[in-house]
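First up is the structure itself, then whatever we jot down about it.
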Amino acid sequence: GQVLQGYFQQPVPEWQGLVSAGPALLPSYEGSSAYRALPGLTLELRYRDLAFASTAEGLGLNLLRGQRYRAGVAAGFDLGRDEDDDPRLRGLGDLDPAAELKLFGEYVLFPVVLRADLRRHLGSGGGWSADLAAYLPVVGSERYFVFLGPSMTLSDGEAMHRSFGVSPVQAARSQFPAYQAGGGLRSAGFGLSATWFLDERWFLNGTGGLQYLLGAAADSPLSRSDRQYALSLMLGYRW
């Protein structure tokens, strides 16, 4: 809801920050039917409506900004995948962490916010991915608010194969047949985020998401479940 702050509050404060932590439940890997609980952490620092450093959005600049919109560039980090994350991944090798560059934009057609981004993975395997999403506040007050909305992701063949493909070498070392993942629609889903302000600074945030793998991602021998869930509950402090 960052772009909505500029829609309702002008001028935007000079400095804003928050930190939150709590448990998160995520698939063992993208396409897994097994889940694991992990510690979650969010850090965020923003300067006016110009620059930000965020575990969610990366390190970026809003090159275009106004009361209804923002657009810019950001650098993030892909944590990759470890073959020890799940017994089924043995023999596939690790997907090394790598930097990711992103162009993004948001526009407010109140109450709906439209989002889009284009990402380039700079590590081994590379590839392009794009995300399209919309969300809106459904209930809210000075003490709480709830956002929900749909999203979809598209990837080119290079990015799709990095996550869902199996090379002949990997096939020889693992339980999977060789599989060349092509580009196209990767997933579509729906998410919800609810925040309750305990006082002016402290808050609780609960987030849930359901994602359906599609196309080459769903057809991959790595994918045991097309339905992917994610849940988190965070206690945070803002200033």
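Throughout, read-outs are computed from the coordinates displayed, never taken from laboratory work. Because the structure is a prediction, the values reported are computed rather than measured. Note that each Cβ is placed from the backbone with ideal geometry, even for glycine, and that neighbours are counted across all protein chains shown.
How long are the semi-axes of the ellipsoid equivalent to the chain, from square roots of 5 times the Cα gyration tensor eigenvalues, in whole Å, largest first?
That gives 34, 19, 16 Å for the three semi-axes.
Going by average Cβ density within 10 Å per residue, which order do the peptides 5-14, 68-77 take, highest to lowest?
Those peptides, ordered most packed to least, come out 68-77, 5-14.
If I take R0 = 30 Å and measure r between the Cβ atoms of Arg173 and Arg36 in this structure, what FRET efficiency does the formula 1/(1 + (r/R0)^6) give, to the nearest 0.05?
The calculated FRET efficiency here is 0.80.
For the chain, what's the relative contact order in percent, using C-alpha pairs closer than 8 Å and at least 6 residues apart?
18 percent
Would you compute, from DSSP H runs of 4+ residues alone, the mean residue ellipticity of the chain at 222 nm, taking -39500 (n - 2.57) per run and dividing by the full residue count, rounded to the nearest 500?
-2500 deg cm²/dmol
Please report the equivalent ellipsoid semi-axes of the range 24-103, computed as sqrt(5 x eigenvalue) of the Cα gyration tensor, largest first, in whole Å.
They are 33, 14, 10 Å, listed largest first.
Could I have the simple spin-label model distance between Ser225 and Leu61, label points 7 Å from Cα toward Cβ, reported in nm to one decimal?
Distance between the two pseudo-spin positions: 4.3 nm.
Using 7 Å Cα-to-Cβ label points, what is the Phe110/Asp84 separation (nm, one decimal)?
Reported label-point gap for Phe110 and Asp84 is 5.2 nm.
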